[in-house]
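This report concerns only the one structure given below.
The values are calculated or read from the model by the stated rules, or taken from the named source; none is laboratory data. What you see is a predicted model; the values in this text were computed from it and never measured. Using ideal geometry, Cβ is built from the backbone for each residue, glycine included, and neighbour counts are taken over all protein chains shown.
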Amino acid sequence: MSGVMEGPVRSNRRIQPDTATAEREFTFTHADFERIRALVYEHAGIHLSETKSNLVYGRLSRRLRVLQLARFDDYLGYLQEHIETELTEFLNAITTNLTSFFRENHHFEALRNQVLPELMNARRASRRLRLWSAGCSTGEEPYSLAMVLCETVLDKPGWDVKLLATDLDTNVLETARAGIYAADRVRTVSRERLRRFFRRGVGANAGRVQVVAELPRLIAFNQLNLMETWPMRGPIDVIFCRNVVIYFDKPTQARLFERFADLLSDDGRLFVGHSETLNKVTDRFELVGQTMYRKRS
């Protein structure tokens, strides 16, 4: 799509055990489901409830077709033998990604009007800001963050600003890096931002839009499993981890929030999803807004 964009635009992860397999394409037993649940928890920290058997079957059936296997037991054997290459495909198939530009917009308003001005005042000597979109999916969240940064920080000279965007799913990261979306995906973007930050496709690419180069220059997109070692050292000033931990059990949530607290700067902020809370999970943060937390000193 590169080179065909011209002119401004004018205008999380979720799985009834099922023993009936005769009508299905592949043999899928309750034992298979339990093994898959254990693997997903071990490698991704995601707790699949007993109601998710049908979803697991539907998601992983695609891999059995690709590999020309007839039984889930055969697939699990294949996974064990090819763990280095197949684990990514396995986790990509299981995880769900739901996102949009400026989703839960009150977070972006708070970031623009309150959080960034406070941080910029506190960082006026170093003029350094670091943000992390953890669970960035197809890119709408980090691009929304980048737009806010362009409007608030990068119109001031001398600021060193970087935004890390990570996800477990390598497929959605490819979409994020491309920055190309169907036009209906930007319906939540204001007219002013559409004009400034997007270009529309022409010809064969009509009906699609692409983010301007100013945005991806701010962002480093990387694959990252939140349950494994993190390569970044910090400190990070703002972390967006929204609609991710809802799929983790409480002990996993607690470990993750502790790691976030360790990585954040002393006055760092953590944003979580509207159905998520840190209450009774960790005491490292204080609530300072709607699902917005500050690290305790």
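At-a-glance table
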item: Any hit, the stretch 12-20, residues being surrounded by fewer than 18 Cβ atoms within 10 Å (Cβ to Cβ), closer than 30 Å to VAL189 by Cα and modelled with pLDDT under 85; result: yes
item: Filter result for SER265 (at pLDDT below 90 and either outside any helix (DSSP H, G or I) or within 21 Å of LEU149 (Cβ to Cβ) (or both)); result: no
item: Test result for LEU131, in contact with a Leu (Cβ under 6 Å, 6 or more places away or on another chain) and crowded, with 23+ Cβ neighbours inside 10 Å; result: yes
item: When residues of the stretch 195-239 are limited to those that are over 17 Å from GLY139 (Cα atoms) and among the basic types (Lys, Arg), the one surrounded by the most Cβ atoms within 10 Å (Cβ to Cβ); result: ARG200
item: Every residue from the stretch 256-266 that is closer than 10 Å to ARG296 by Cβ and among the charged types (D, E, K, R); result: ASP266
item: The stretch 166-177, residues that are out of contact with any helix residue (DSSP H, G or I) (no Cβ under 9 Å at 6 or more places or on another chain) and surrounded by 16 or more Cβ atoms within 10 Å (Cβ to Cβ); result: LEU173, THR175
item: Residues located in the stretch 268-295, provided they are of a type in the set (Lys, Arg), part of a loop (DSSP other than H, G, I, E, B) and surrounded by 12 or more Cβ atoms within 10 Å (Cβ to Cβ); result: ARG284
item: Those residues of the stretch 139-158 which are assigned to a loop (DSSP other than H, G, I, E, B) and buried (at least 24 other Cβ atoms within 10 Å of the Cβ), in sequence order; result: GLY139
item: Close pairs from the stretch 229-241: first more than 18 Å from GLY45 (Cβ to Cβ) and at pLDDT 95 or above, partner outside any strand (DSSP E or B) and among the β-branched types (Val, Ile, Thr), Cβ under 7 Å, at least 6 apart; result: VAL238/VAL115
item: Residue match in the stretch 25-33 (condition: outside any helix (DSSP H, G or I) and at pLDDT below 90); result: yes
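Per-residue answers, yes or no, for (1) assigned to a helix (DSSP H, G or I); (2) modelled with pLDDT of 90 or more:
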{"site": "ARG10", "(1), (2)": "no, no"}
{"site": "LEU55", "(1), (2)": "yes, no"}
{"site": "TYR75", "(1), (2)": "yes, yes"}
{"site": "ARG112", "(1), (2)": "yes, yes"}
